[in-house]
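Student: One structure is given below, represented as structure tokens, and several questions about it will come after.
The values are calculated or read from the model by the stated rules, or taken from the named source; none is laboratory data. What you see is a predicted model; the values in this text were computed from it and never measured. Virtual Cβ from ideal backbone geometry, glycine too; neighbours counted across all protein chains shown. For accessibility, only protein heavy atoms count, side chains too; no ligands or nucleic acids. Shrake-Rupley method; radii C 1.70, N 1.55, O 1.52, S 1.80 Å.
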Amino acid sequence: MATTQSVYDVLGIGISAVDDTLTVEHYPPSGAKVAVQASSRHGGGLACTAIAAAAVLGGKTAFLARFGTDELSAYIRSQLLKRGVDVSHIISDAAGQPYHSRIIIDRTSGERTIFYDLSRYIPVRAADVPQELLSSARVLLVDFLNAPGPLELILKARRAGVPVVLDIEGQCAEATTVLEHVDHLVVPEEFARWISGRQDLQAACASLAEIPRAATVVTAGAAGCWWTDSPQRAPAHLPAFAVKAVNTNGCGDTFHGAYALAIARNFSIMEAVYFASATAALKAAGSGGGWEALPSAAQVADFLRQRLHADDPLRNVPGKIEQLSWCAPSHGQKIVQPEPPCTHHAHQEGSEK
């Protein structure tokens, strides 16, 4: 686990993006001409959105990337700073910048289609990350969309005893090796089906969980998520919270950020999944778009409190969430390392709530 010099709840390393969005009534067929109802610019990217979400929820966070002095790099810096993320560790590199994404939002469904340009994106390598910085984090959150993958960075974190949460979407041979070394694997349904060869998501989650780790989670948007903390435990299904989706862009990344923060603050796996699901639901339903729709801890706690019964095993979660925004762990506090996945006996939620 992290050393006694822990400073950050979550250190995020991975993709950042500037998202230029266009909202239309319906996503058009090929060759159509469609009126734009709204346009806007927001921060984005897998790990970057996740770390912004964790910060808005009250976590102490930092983000590491390679940025230049260009407009896109300056924009992401400013948006992270606005949400309280420490950007002092970002590496100055005149050749580097975030992804630049153009996103089409279907106003009727809230679904999005992303077109991204990574021509000037330069990934952070393990050698770029000072050991002191890595050891200062209670949790490391990394992503993998395009090769090269973060394997060396993950192994460096593991050697330092820092738990790793991985968001992986890259469908390539390297993915198989990378997922073998993470503590918390949280992946979207498309990747789970591809890597496992199983269309049924419970079966796909079970297949991924054959590699012992603290937790394996498969997210599926409106279909909810499947999770397990042991190869011997059948994945449980958590239905998605019923909300009117305004914009689903970044919801999966928001899930990752909330989940990573929960692990850093010693939530159980079940509590972390529940908290992350609620946070992602509020992000989908939020107004303003982009990171403006990221919910606070108080908003998530209120949302859950309205949906929990007095005898619910998760009834104490709203109170724990509220503490995220005002009761950060003291300097040097360690997180509780989960028991080995094959012997972990945390309470398992059933297939229905």
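Student: For segment 37-57, name all the residues that are part of a strand (DSSP E or B) and hydrophobic (A, V, I, L, M, F, W, C).
Tutor: Ala38
Student: A further question follows. Considering Arg138, Arg125, Arg107, which residue is closer than 21 Å to Thr254 by Cβ, of a type in the set (D, E, K, R) and at pLDDT 90 or above?
Tutor: When all the criteria are applied, what remains is Arg138.
Student: When you look at Ala47, is it farther than 21 Å from Ser287 by Cβ and in contact with a helix residue (DSSP H, G or I) (Cβ under 8 Å, 6 or more places away or on another chain), yes or no? Step through it out loud before you land on a result.
Tutor: Numbers: farther than 21 Å from Ser287 by Cβ: yes; in contact with a helix residue (DSSP H, G or I) (Cβ under 8 Å, 6 or more places away or on another chain): yes.
When the stated conditions are applied, Ala47 passes them.
Yes/no per residue for (1) at pLDDT below 95; (2) not hydroxyl-bearing (Ser, Thr, Tyr):
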site	(1), (2)
Gln199	no, yes
Ala204	no, yes
Ser207	no, no
Gly224	no, yes
Thr228	no, no
Thr248	yes, no
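Student: Can you list the helices (runs of 4 or more DSSP H) found entirely within segment 241-320 that contain at least 2 residues being in contact with a strand residue (DSSP E or B) (Cβ under 7 Å, 6 or more places away or on another chain)? Steps first, answer last, please.
Tutor: Details: elements: 251-264, 269-285, 297-305.
The qualifying helices (runs of 4 or more DSSP H) are 251-264, 269-285.
Student: Additional query: Taking His256, is it of a type outside the set (Gly, Ala, Ser) and free of Cβ contacts under 8 Å to residues at least 24 places away in the same chain? Can you show your working first?
Tutor: Working: of a type outside the set (Gly, Ala, Ser): yes; free of Cβ contacts under 8 Å to residues at least 24 places away in the same chain: no.
The answer is no for His256.
Student: Between residues in segment 21-36 that are in a loop (DSSP other than H, G, I, E, B) and residues that are open to solvent by 80 Å² or more (accessible area, probe 1.4 Å) and at pLDDT 90 or above, which pairs lie under 7 Å by C-beta distance while being six or more apart or on different chains?
Tutor: Note: pairs meeting the criteria are Glu25/Gln37.
Student: Still on this structure, I have one more. Residue check: is Leu134 of a type outside the set (Gly, Ala, Ser) and in contact (Cβ under 8 Å) with a residue 40 or more places away in the chain? If you could, list the steps in order and put the result at the bottom.
Tutor: Details: of a type outside the set (Gly, Ala, Ser): yes; in contact (Cβ under 8 Å) with a residue 40 or more places away in the chain: yes.
Considered against the rule, which asks whether it is of a type outside the set (Gly, Ala, Ser) and in contact (Cβ under 8 Å) with a residue 40 or more places away in the chain, Leu134 comes out as yes.
Student: Taking the stated definitions as given, is Leu81 loosely packed, with under 15 Cβ neighbours inside 10 Å, at pLDDT 95 or above and more than 19 Å from Thr279 (Cα to Cα)?
Tutor: Numbers: loosely packed, with under 15 Cβ neighbours inside 10 Å: yes; at pLDDT 95 or above: yes; more than 19 Å from Thr279 (Cα to Cα): yes.
The answer is yes for Leu81.
Student: Take segment 93-136 and flag every residue that is of a type in the set (A, V, I, L, M, F, W, C) and in contact with a Phe, Trp or Tyr (Cβ under 8 Å, 6 or more places away or on another chain).
Tutor: Answer for segment 93-136, where residues must be of a type in the set (A, V, I, L, M, F, W, C) and in contact with a Phe, Trp or Tyr (Cβ under 8 Å, 6 or more places away or on another chain): Ile103, Ile104, Leu118.
Student: What single numbered condition from (1) modelled with pLDDT of 95 or more; (2) open to solvent by 50 Å² or more (accessible area, probe 1.4 Å) fails to hold for Val56?
Tutor: (2) is the only condition that Val56 fails.
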